[in-house]
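Report on one structure; see the data block that follows.
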Amino acid sequence: MSDEGRARLLAAFLAAAGVTHFLVPRTYDAIVPAALPGSPRAWTIGSGVAELACAAAVAHRRTRRVGALAAFVLFVAVFPANVKMAIDWQDEAWPRRVGSLLRLPLQVPLLIWAWRVARAGRRPEDAEESRRFPARFGRNFGSGGGGGGGRPG
């Protein structure tokens, strides 16, 4: 899959997940860890808004990198809720129990996906600069005077 396709799919995934927070909020309210301050509904709405914001940022090339990095952080942040769901649903019917357990290892490919989109979302000028820096650094700080007076540039 192309970098663009991977980014668009991530944006769609985040948007769909964000919308579900508003369509079926009780499902999310139930997995908000009790240790968090405030109401579970506030956390549900907040995380839904965060997913929608990440989706919008990933969808646009200019904000894709920061959006994908934010999605990466969001995937880490919601992991405790997934653990809580797996614990709370131990006595549920097997499809729900299995589904809650599968959410845990699913976080790993989500993290990899967001990271890859973020890396691919670097601006071309950033990528060019990172390719040039080692050569400039070596020329200016290498042995045999590069005329740079010891400063990069």
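The values are calculated or read from the model by the stated rules, or taken from the named source; none is laboratory data. The structure presented is a predicted model; accordingly, all values stated were derived computationally and were not measured. Cβ coordinates were reconstructed from backbone atoms using ideal geometry, including for glycine residues, and neighbour counts include every protein chain displayed. These area figures cover heavy atoms from the full protein model, side chains too; ligands, DNA and RNA do not enter into them. Shrake-Rupley method; radii C 1.70, N 1.55, O 1.52, S 1.80 Å.
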Seminar exercise, completed: For the stretch 1-87, the percent of accessible surface on carbon and sulfur atoms (probe 1.4 angstrom, ligands and nucleic acids excluded) is 71
For this session: Roll a 1.4 Å probe over the protein heavy atoms and report the accessible area of Ser100 in Å², nearest 10.
Result: 0
For this session: With a 10 Å radius around each residue's Cβ, average the other Cβ atoms per peptide and rank 112-120, 34-42, highest first.
Result: 112-120, 34-42
Exercise. Roughly how many nanometres apart are two label points built 7 Å out from the Cα toward the Cβ at Thr27 and Trp115?
Worked result: 2.8
Exercise. Any idea what % of Cα-Cα pairs in the stretch 1-60 are farther than 19 Å?
Worked result: 36
Seminar exercise, completed: Taking r as the C-beta separation of Ala42 and Asp3 and R0 as 35 Å, the FRET efficiency to the nearest 0.05 is 0.45
